[in-house]
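Reviewing the structure listed below.
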Amino acid sequence: QVQFVESGGGLVQPGGSLRLSCAASGFTFSRYGMNWHRQVPGKERELVGTITAAGTTNYADSVKGRFTITRDNAKNMVYLQMNSLKPEDTAVYYCNNPMLTSWGQGTQVTVSL
């Protein structure tokens, strides 16, 4: 079945960096675009950015210039490099295939002193 397993979250100080990873399985990964989302308790899930099957990326204005999405089709992995982190980036981060309804458990990112 379709699965997404996110990892790499943690506690980081403002201005720091983290690299999130997402392992995808259960579908032909190389044929699909992938998204990264984030969610803060009590708020709706927010789209952070997308990467198409061809590798074209697009980002929310709030993260543009700081976050970078890449993918490795040989490993069925998608990554989110986060630099210059701000406290408002604190959230649970999820990856998903926008054509499918499955979600992983997410990985918590906390940006704080």
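The values are calculated or read from the model by the stated rules, or taken from the named source; none is laboratory data. Nothing here was measured: the structure is a model prediction, and the numbers come from that model. Neighbour counts run over all protein chains shown; Cβ positions are idealised from the backbone, glycine included. Accessible surface areas use protein heavy atoms only, side chains included; no ligands, DNA or RNA. Shrake-Rupley method; radii C 1.70, N 1.55, O 1.52, S 1.80 Å.
Within region 78-113, how many residues are modelled with pLDDT under 95 and surrounded by fewer than 13 Cβ atoms within 10 Å (Cβ to Cβ)?
Qualifying residue count for the region: 4.
Given the criteria modelled with pLDDT of 95 or more, touching a helix residue (DSSP H, G or I) at 6+ places or on another chain (Cβ under 6 Å), open to solvent by 30 Å² or more (accessible area, probe 1.4 Å) and closer than 20 Å to Val2 by Cα, does Ala74 qualify? Quick ask: steps written out before the conclusion?
Numbers: modelled with pLDDT of 95 or more: yes; touching a helix residue (DSSP H, G or I) at 6+ places or on another chain (Cβ under 6 Å): no; open to solvent by 30 Å² or more (accessible area, probe 1.4 Å): yes; closer than 20 Å to Val2 by Cα: yes.
No: the conditions fail for Ala74.
Does region 42-71 hold any residues that are under 15 Å from the mean Cα position of the chain (by Cα), farther than 19 Å from Glu6 by Cβ, among the small types (Gly, Ala, Ser) and surrounded by 13 or more Cβ atoms within 10 Å (Cβ to Cβ), and which are they?
Hit for region 42-71 is Ser62, nothing else.
Those residues that are part of a strand (DSSP E or B) and in contact with a strand residue (DSSP E or B) (Cβ under 6 Å, 6 or more places away or on another chain), I need them from region 65-76; list them, please. First the steps, then the outcome.
Applying the first criterion (part of a strand (DSSP E or B)) to region 65-76 yields 67-72.
Answer for region 65-76, where residues must be part of a strand (DSSP E or B) and in contact with a strand residue (DSSP E or B) (Cβ under 6 Å, 6 or more places away or on another chain): Phe67, Thr68, Ile69, Thr70, Arg71.
For Phe29, all conditions in the list (1) farther than 17 Å from Val109 by Cα; (2) under 14 Å from the mean Cα position of the chain (by Cα); (3) crowded, with 18+ Cβ neighbours inside 10 Å; (4) not aliphatic (A, V, I, L, M) hold save one; what is the number of the exception?
Among (1) farther than 17 Å from Val109 by Cα; (2) under 14 Å from the mean Cα position of the chain (by Cα); (3) crowded, with 18+ Cβ neighbours inside 10 Å; (4) not aliphatic (A, V, I, L, M), Phe29 violates only (2).
Restricting to region 4-17, name every residue that is closer than 18 Å to Gly106 by Cβ and open to solvent by less than 30 Å² (accessible area, probe 1.4 Å).
Quick first cut of region 4-17, residues closer than 18 Å to Gly106 by Cβ only: 4-12.
Within region 4-17, Phe4, Glu6, Gly10, Val12 qualify.
Output the residues belonging to region 77-98 that are under 23 Å from Ala24 (Cα atoms) and not in a loop (DSSP other than H, G, I, E, B).
Met77, Val78, Tyr79, Leu80, Gln81, Met82, Ala91, Val92, Tyr93, Tyr94, Cys95, Asn96
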